[in-house]
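Here's the structure we're looking at; comments come further down.
The values are calculated or read from the model by the stated rules, or taken from the named source; none is laboratory data. Worth saying up front: this structure is predicted, and the values here are computed from it rather than measured. Cβ coordinates were reconstructed from backbone atoms using ideal geometry, including for glycine residues, and neighbour counts include every protein chain displayed. These area figures cover heavy atoms from the full protein model, side chains too; ligands, DNA and RNA do not enter into them. Shrake-Rupley method; radii C 1.70, N 1.55, O 1.52, S 1.80 Å.
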Amino acid sequence: SQKIEQNSEALNIQEGKTATLTCNYTNYSPAYLQWYRQDPGRGPVFLLLIRENEKEKRKERLKVTFDTTLKQSLFHITASQPADSATYLCALVVEAGTYKYIFGTGTRLKVLA
Amino acid sequence: EPEVTQTPSHQVTQMGQEVILRCVPISNHLYFYWYRQILGQKVEFLVSFYNNEISEKSEIFDDQFSVERPDGSNFTLKIRSTKLEDSAMYFCASSDGLGEETQYFGPGTRLLVL
């Protein structure tokens, strides 16, 4: 069956450390993979997109890796800050005629001061 | 900075009633989407819309649902004969392309069906 999984347990880390979040999927062949941030009661906010033929993408303190063999993406926030506390969602973009967007359940990150 | 807006922010309705959720996408965007998120669960794709027609819909988007772009700015989601399980946050999003183009999400409408 097709699945997209993120660690459902909250991740607590100390300020200044690197947070690493995982997104695993099975039985999909995504053209792209996106990461979003979602704050409570708000809509997702796009952070980064990585293509299937890319291994790594960076944007400021954010880094995403994509391993299509392992069917896994890692999302890193370096020098984390309490303001980074939020739920982070990964989303597969699957091309099937048009595009379908499949979201993971998200991982809640809490950065402790 | 342009943003997607949604109204109302909260809607309470009785089971069996019809509701219309409204969205104003970013003005130069061409692709529009509706998603829902049941409390504590994942964001689920409902439908995408381009050039005045549905381009993709999920299995959730059955005959109970319809979308419309009644004028040049609004994009609506109609839910006929609401059920208790339709209670969720509904997000509208827009983008100026498909696939790798960024989707911009609105703040959502929280729908409660009693």
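Among the criteria (1) open to solvent by less than 10 Å² (accessible area, probe 1.4 Å); (2) assigned to a loop (DSSP other than H, G, I, E, B); (3) within 11 Å of another protein chain (Cβ to nearest Cβ); (4) farther than 28 Å from A:N7 by Cβ, the one B:G99 does not fulfil is (4). Of the numbered criteria (1) crowded, with 19+ Cβ neighbours inside 10 Å; (2) part of a strand (DSSP E or B); (3) not hydroxyl-bearing (S, T, Y), the one B:F61 fails is (2). Candidates in the range B:1-18 are the residues that are modelled with pLDDT of 95 or more and part of a loop (DSSP other than H, G, I, E, B); of these, the one that is least open to solvent (accessible area, probe 1.4 Å) is B:V4.
Residues in the range B:19-40 that are within 21 Å of B:K83 (Cβ to Cβ) and open to solvent by 100 Å² or more (accessible area, probe 1.4 Å): B:R22, B:L39.
Residues that are more than 11 Å from every other protein chain (Cβ to nearest Cβ) and either open to solvent by less than 30 Å² (accessible area, probe 1.4 Å) or among the polar types (S, T, N, Q) (or both) within the range A:96-113 comprise A:T107, A:L109, A:V111, listed in sequence order. Which of the residues spanning the range B:84-96 are away from every other protein chain (no Cβ under 11 Å) and surrounded by 22 or more Cβ atoms within 10 Å (Cβ to Cβ)? B:S94, the sole residue that qualifies. Restricted to strands (runs of 3 or more DSSP E) entirely inside the range A:1-95, those with at least 2 residues that are surrounded by 13 or more Cβ atoms within 10 Å (Cβ to Cβ), touching a strand residue (DSSP E or B) at 6+ places or on another chain (Cβ under 6 Å) and aromatic (F, W, Y) are A:32-38.
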